[in-house]
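The values are calculated or read from the model by the stated rules, or taken from the named source; none is laboratory data. Remember, it's a predicted structure, so these values are computed and weren't measured experimentally. Cβ sites come from the backbone with ideal geometry, for glycine too, and all protein chains shown count toward neighbours.
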Amino acid sequence: MKLGSKVIVGNWKMYKTVTEAIAFVDALLPKISNYKESVLLAVPFTALWPLHEKCKNTPLEIGAQTMNSAEEGAFTGEIAGRMLKEAGASFVLLGHSERRRLSGETDSVIHKKVERALEDNLLPIVCVGETLEERKEGRSEEVLERQLKSVFEGLKWKGDLLVAYEPVWAIGTGQTATPDIIDNIHAFIEEKVEALLGVKPRILYGGSANSANAPTLLAIPNVGGLLIGGASLDLESFLSIIENSHSFQ
Ligand code: 13P
């Protein structure tokens, strides 16, 4: 995986069957074939293996949207990091707010998942972000600090590190955080993570990013890339964002 200065990561969430995933990737690959920097796509588990062969020796890296913290075991319905790795994943999203809210993932569970992902040679992309209520109460930094501390404290890792700032109120709402908020929060996250791990993280922004606002978001100096939900499902929108990020490399 070769991470450019602005990394584009699509998160398909629970969209696209295997057939739909293959059709999308077949159409995407020729358009990005001569890119040197990787484009990342977090796909449903079922699409990993079928996309695996297609993405070999291409700039497209496929990954998963969650995993269990155990190596293996009697955990019905769960998936292990090494299964994802063998199926072709090179990275995994961890701590997405939809997982925190819908599946009760706590900070300490996310910490264990990050440790396991690193052991299984998967690059974790750790998602953090405050809710609208927390922002209104002026507690954004307090919440982010708690999330970062629980996830990263005690972790022994000096390699690439990707953190996605995804304010919960901006996800799927059409309301992006302002450049000012993003700039301030990214600086805050960078400082906290560096203090905890001694590693400077690359910080992605996520939350209603699309082809129209990507040029503004990507131009913010401490935005290391975008994590894109809805707009990654549409080939033209996703391509337009990728092409824009390419102009910064
Ligand atoms: P949207 O881009 O649809 O707001 O989703 C953001 C997200 O949750 C990416 O992980």
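Only one of 113, 200, 192, 158 is in a helix (DSSP H, G or I) and over 18 Å from residue 42 (Cβ atoms); which?
Sole residue among the options that is in a helix (DSSP H, G or I) and over 18 Å from residue 42 (Cβ atoms): 192.
If we keep just the residues of the range 153-172 that are within 19 Å of the chain's Cα centre (by Cα) and either modelled with pLDDT of 95 or more or of a type in the set (Asp, Glu) (or both), which is farthest from residue 123 (Cα to Cα)?
167
Could you look through the range 8-60, keep only residues that are β-branched (Val, Ile, Thr) and surrounded by 21 or more Cβ atoms within 10 Å (Cβ to Cβ), and pick out the one that is farthest from the ligand (Cβ to nearest atom)?
Ranking the qualifying residues of the range 8-60, first place goes to 25.
Among (1) more than 13 Å from the ligand (Cβ to nearest atom); (2) surrounded by fewer than 19 Cβ atoms within 10 Å (Cβ to Cβ); (3) within 29 Å of residue 50 (Cα to Cα), there is one condition residue 172 misses while meeting the rest; what is its number?
(1) is the only condition that residue 172 fails.
Right, residue 6: among the basic types (Lys, Arg) and at pLDDT below 95 or not?
When the stated conditions are applied, residue 6 does not pass them.
With respect to residue 97, determine if the residue is touching a Cys at 6+ places or on another chain (Cβ under 9 Å) and among the polar types (S, T, N, Q).
When the stated conditions are applied, residue 97 passes them.
Has the range 24-33 got at least one residue that is assigned to a loop (DSSP other than H, G, I, E, B) and closer than 24 Å to residue 96 by Cα?
no
Is it the case, given these coordinates, that residue 91 is of a type outside the set (Gly, Ala, Ser), modelled with pLDDT of 95 or more and farther than 30 Å from residue 247 by Cα?
No.
From the set of residues in the range 225-249 that are more than 15 Å from the ligand (Cβ to nearest atom) and part of a loop (DSSP other than H, G, I, E, B), which is surrounded by the most Cβ atoms within 10 Å (Cβ to Cβ)?
Per the criteria, the residue is 248.
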